[in-house]
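Written below as structure tokens is the structure these notes are about.
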Amino acid sequence: MSLPKNIHIRFLLATVALVLLVFILQLVFPVIIHSKIWEIVGFMAILSFLISLLNSFLLKTLPDNFFQIMVLAMILRFIASLVFIGLEVWPGMENIILFIADFFIVFLFYLVFDIYAFLSNLRPISK
């Protein structure tokens with residue numbers, strides 16, 4: 001069985017896999033999962049989806065600025081992540097280290113997915 005060609009379907013499948021993994025880990029090892037994990041997963045899913053839409057729009061509009069568009073996406077993701085962590089931690093939260101560790105793991109999951117999508121699209125993008 002091969003993966004679908006549509007990047008949005010792949011994104012949906014990756015998100016479903018992450019949700020299932022988090023759910024299983026929450027049942028088996030509840031100590032390593034923060035209580036706000038679903039907010040983290042939801043935020044990263046929405047952010048990654050919006051950034052992928054922005055990337056595809058900009059790559060269709062300005063195909064010669066590929067590197068700048070990819071750097072813009074990384075910077076937007078990083079700044080939005082810092083703002084999210086700041087807004088969640090600011091009011092005072094229990095177990096901040098666990099929250100940041102869980103956020104970092106989910107962040108890396110979506111980063112690996114973006115790298116995979118980037119590498120799988122290199123051939124069609126290159127001329």
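For first residues located in the stretch 1-23 and modelled with pLDDT under 80, partners that are small (Gly, Ala, Ser) and in a helix (DSSP H, G or I) and lie 6+ apart or on another chain with Cβ distances below 7 Å form the pairs 7/52; 7/117. In the condition set (1) at pLDDT 90 or above; (2) farther than 12 Å from residue 111 by Cα; (3) of a type in the set (A, V, I, L, M); (4) touching a helix residue (DSSP H, G or I) at 6+ places or on another chain (Cβ under 6 Å), residue 69 is compliant with all but (1). Cβ separations smaller than 7 Å between residues 6+ apart or across chains give no pair from the stretch 51-62 residues that are farther than 16 Å from residue 118 by Cβ to residues that are modelled with pLDDT of 90 or more and among the polar types (S, T, N, Q).
If you check residue 67 against the conditions, is it among the aromatic types (Phe, Trp, Tyr) and free of Cβ contacts under 8 Å to residues at least 60 places away in the same chain? The answer is yes for residue 67. Residues in the stretch 26-74 that are under 20 Å from residue 11 (Cα atoms) and of a type in the set (D, E, K, R): 39, 60.
The values are calculated or read from the model by the stated rules, or taken from the named source; none is laboratory data. Keep in mind that this is a model prediction, so the values were computed, not measured. We place every Cβ from the backbone using ideal geometry, glycine too, and count neighbours over all the protein chains shown.
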